[in-house]
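Read the structure below first, then the notes.
The values are calculated or read from the model by the stated rules, or taken from the named source; none is laboratory data. Just so it is clear, the model here is predicted, and its values are computed rather than measured. Because the Cβ atoms are built from the backbone with ideal geometry, glycine has one as well, and the counts that use them run over all protein chains shown. Only protein heavy atoms, including side chains, enter the accessible area calculation; ligands, DNA and RNA are left aside. Shrake-Rupley method; radii C 1.70, N 1.55, O 1.52, S 1.80 Å.
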Amino acid sequence: MTLSEFEIRAAAEDLFEAETARHQIGLLSLKHPDMTLDDAYAVQAELVRRKRAAGLGVIGWKIGLTSRAMQQALDIITPDSGILLSDMLFPDGAMIPLGRFIQPRIEAEIAFVMKAPLSGLVTREQVLAATEYVAPSLEILDTRILRADPATRATRKIYDTVADNAANAGIVLGAQRHAPDAFDLRRVGVILKRDGVVEETGLGAGVLDDPVTGILWLVHRLAEYAQGIEAGEVLLSGSFIRPVEAPPGSRFDADFGDFGRVTLNFAGE
């Protein structure tokens, strides 16, 4: 790690205030050019600690940057993770109030809801055995950090995304519930429409060749920090489409075929 405790706390506080006031801060990777992934996760942990002190609870985890396209865009070879908090859960068909987010985008994912804890170097079979059900879901992304610096044109790096709690903003679970072995999750597909127009399509295999692999990666990463998954937590296994912009007034319909459907709306101006 290269950041001091003071710098970690300051970065987390800046992010907390940015989300509260609905504005964006400058690139942390530009302010701290020697920043490492460990630094970024330390900022994330402090940000989550700050949010929990404000009364929020932890409801699960998200895994991001699982597709090759997104990894190549950020010049990385590994996913990232963030923590889902109690103010991020929205019902299927929800109307998101105007101004709730800064620059929201939408991704489609398979969510795992756990019935047993997981920790250590678990196997694929152990992940499935610990899963109560899987469900279609949409993730709402937002960024409290600029996507690009206006002066230097430097773009956001993995360190910025991780520090910003992996761009976490919201989660919508579909009403359908399935046993984890009821479908070949690699072949579960989605057609995502915005305002009735198909914007993205994808297959579960876009997530590290298997959405279960995303959960394995998360549990193994947490094991490095003596952490694990708790029963009842929701795990977003990673998007198998590119993020789609969600301007005011937009309507989203994610058709997962036999696996289910999820809808979401954003209030207009």
Let me know the Rg and Dmax you get for the stretch 136-269 when you use only its Cα atoms, in Å.
-> 16.5, 51
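Would you mind telling me the share, in percent, of accessible area of the chain contributed by carbon and sulfur at probe 1.4 angstrom?
Working: 6080 of 11680 Å².
Within the chain, the accessible surface is 52 percent carbon and sulfur.
Only Lys, Arg, Asp and Glu count, each charged at its Cβ (+1, +1, -1, -1), so figure out the dipole size of the stretch 73-132 about its Cα centre, rounded to 20 debye. Mind dumping the intermediate values first?
Working: 4 positive and 8 negative charges, 19 e Å.
With Lys and Arg at +1 and Asp and Glu at -1, about 100 debye.
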For the chain, give the magnitude of the charge dipole about the Cα centre (Cβ charges: +1 Lys/Arg, -1 Asp/Glu; no others), in debye to the nearest 20.
-> 260 debye
From the backbone phi of the stretch 87-102, what are the Karplus-calculated ³J(HN,Hα) couplings (6.51 cos²θ - 1.76 cosθ + 1.60, θ = phi - 60°) in whole Hz, Gly and Pro given as x?
-> 8, 9, 8, 10, x, 4, x, 4, 9, 7, x, 4, x, 5, 10, 8
Once the dipole of the chain is set up from charges on Cβ (+1 Lys and Arg, -1 Asp and Glu), the residue from the list G174, L128, G55 lying farthest towards its positive end is G174
Apply 1/(1 + (r/R0)^6) to the Cβ-Cβ distance of K115 and R242, taking R0 = 25 Å, and write down the FRET efficiency to the nearest 0.05.
-> 0.20
Once the mean 1/r over all distinct Cα pairs of the stretch 201-266 is inverted, what Kirkwood radius in angstroms do you read off?
-> 14.2 Å
Run the quick spin-label model on D258 and D149: label points 7 Å from Cα toward the beta carbon, then report their separation in nm to one decimal.
-> 5.2 nm
For the chain, the count of lysine pairs 8 or more apart or interchain whose alpha-carbon atoms are under 26 Å apart comes to 8
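What's the FRET efficiency of D184 with M95 using the Cβ-Cβ distance as r and R₀ = 45 Å, to the nearest 0.05? If you can, show how the numbers build up before the last one.
Numbers: r = 34 Å, r/R0 = 0.75.
Calculated value: 0.85.
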Of the peptides 97-107, 113-123, how do they stack up when ordered by the mean number of other Cβ atoms within 10 Å, highest first?
-> 97-107, 113-123
Based on the alpha carbon coordinates of the stretch 110-168, what radius of gyration and maximum Cα-Cα distance (Dmax) apply, in Å?
-> 17.2, 51
Ranking V188, F101, A151 by how far each Cα lies towards the positive end of the charge dipole of the chain (+1 on Lys and Arg Cβ, -1 on Asp and Glu Cβ), the top one is F101
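Could you report the stretch 105-146's accessible area per residue, 1.4 Å probe, as an integer in Å²?
Working: 1300 Å² over 42 residues.
Each residue of the stretch 105-146 exposes 31 Å² on average to a 1.4 Å probe.
Can I get the semi-axes of the stretch 44-190's equivalent ellipsoid? Compute them from the C-alpha gyration tensor as square roots of 5 times the eigenvalues, in angstrom, largest first.
Computed over the stretch 44-190, the values are 27, 19, 17 Å.
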Using a cut-off of under 18 Å, list every residue of the stretch 133-164 whose amide N is near the label point 7 Å from the Cα of Y225 along the Cα-to-beta-carbon line.
-> 158-164
Amide H contacts under 5 Å for K157, restricted to residues at least 5 apart in sequence or on another chain and with H modeled in the peptide plane, are S29
Listed by chain and number, the residues whose amide H is under 5 Å from that of I83, excluding neighbours fewer than 5 places away on the same chain and using placed H, are K62
Label-point separation, V197 to Y133 (7 Å along Cα→Cβ), nm | 3.5 nm
log10 I(q)/I(0), Debye, Cα-only the chain, no solvent, q = 0.07, 0.10 Å⁻¹?
-> -0.23, -0.47
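Return the Rg/Rh value of the stretch 140-199, two decimal places, where both radii are evaluated on C-alpha atoms and Rh is the Kirkwood radius. Please report the intermediate quantities before stating the final value.
Values: Rg = 17.1 Å, Rh = 15.2 Å.
Ratio value, two decimals: 1.13.
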